[in-house]
Amino acid sequence: MEEKAIILNLKTKIINVVYWITTVAIGWELIFGGLWDINVLNKGYVQNIMDHLGYPAYFPFIFGIAKFLAAIVILAPGFRRLKEWAYAGIFFVFTGAAFSHLFVHEADKAIQGLIFAAIPLISWALRPVSRRLTRDEFLASLSPESIRNEKHIKQKRITYWICVSILGLGAVSGGLSNFFHASNTREIVKELGYPMFFFTILGAWKVLGSVAIFFPRFPRLQEWAYAGLMIDLVGASTSYICVGKISGMFPPLISAIVGIIAWKLRPFAKSNQLATQDNAEPKFTSQLSS
């Protein structure tokens, strides 16, 4: 027993060391990568890469700010749910960079991007209990029992399904339009200046994200899907602001608000189970009393 305890203790220490190495490494990359993106360090370096890939000049500035925020969230204690969203965003950024290089036939840089994407995944997988939402906590927050004392359950359930339908169906239709380069996607490319292959990547993510939110069998994957869809919508809104088309920011921003409402009301997706259970309890009780 003592030998097993020693092995377990050693294993725990190794996991903690690897966690902190990968977390500090990714935090360092996010902070200094963010400084590069907003053109504070190595002026012109990132812009040359963006020009080569075909991205607009404002694009790295958006992600530079986002990288700073993500670094703060993953390095600081607490913020356990925000950490899920931050890790999801980091993974999407690095895999997006990898696929971007792949589309311009730079397989070596694409492989480097995928290796960078693996680092936050290791940090995410090894993070200690104090820095993660456990599966039990996920399930508890989504259980109908968690809303037993809520008022207006039926109205909130209807609101949830309206909001998740708007978000999910919008993501599916928009994702397919992006992936197959429909005419409205070509117009967006002209307006915002993104390369066409970016919308191929974005379209695939949107469709996969909508599947995850409609079929929430894997609650942590659903959390990442909501995070990805919100990042996409906020990024789209910010892009319109950067090109001076203020009116264009409102549709994605409104969709993001609808998405947040759907995310907040997720327990009500299963609240009909609670209603069925509550209706069955008096009948069962009356049978016992008779």
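Okay, here's what the table says:
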| read-out | value |
| --- | --- |
| All positions within segment 12-63 that are among the charged types (D, E, K, R) and closer than 21 Å to residue 88 by Cα | 29, 37 |
| Selection count where residues are of a type in the set (Phe, Trp, Tyr) and surrounded by fewer than 18 Cβ atoms within 10 Å (Cβ to Cβ), scope segment 195-244 | 4 |
| Pick from segment 230-273, criterion in contact (Cβ under 8 Å) with a residue 24 or more places away in the chain and among the charged types (D, E, K, R), ranking: nearest to residue 205 (Cα to Cα) | 232 |
| Residue in segment 194-208 that is closer than 20 Å to residue 270 by Cα and in contact with a Phe, Trp or Tyr (Cβ under 9 Å, 6 or more places away or on another chain) present | no |
| Near pairs, Cβ below 9 angstrom, 6+ apart or cross-chain, from segment 144-164 (over 12 Å from residue 269 (Cα atoms)) to any residue that is hydroxyl-bearing (Ser, Thr, Tyr) and surrounded by 14 or more Cβ atoms within 10 Å (Cβ to Cβ) | 150/271 |
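We did not get these values from a lab; they are worked out from the coordinates using the rules stated. Computed from a predicted structure; not experimentally measured. Methodologically, a virtual Cβ is constructed for each residue, glycine included, from the backbone with ideal geometry; neighbour enumeration extends over all protein chains shown.
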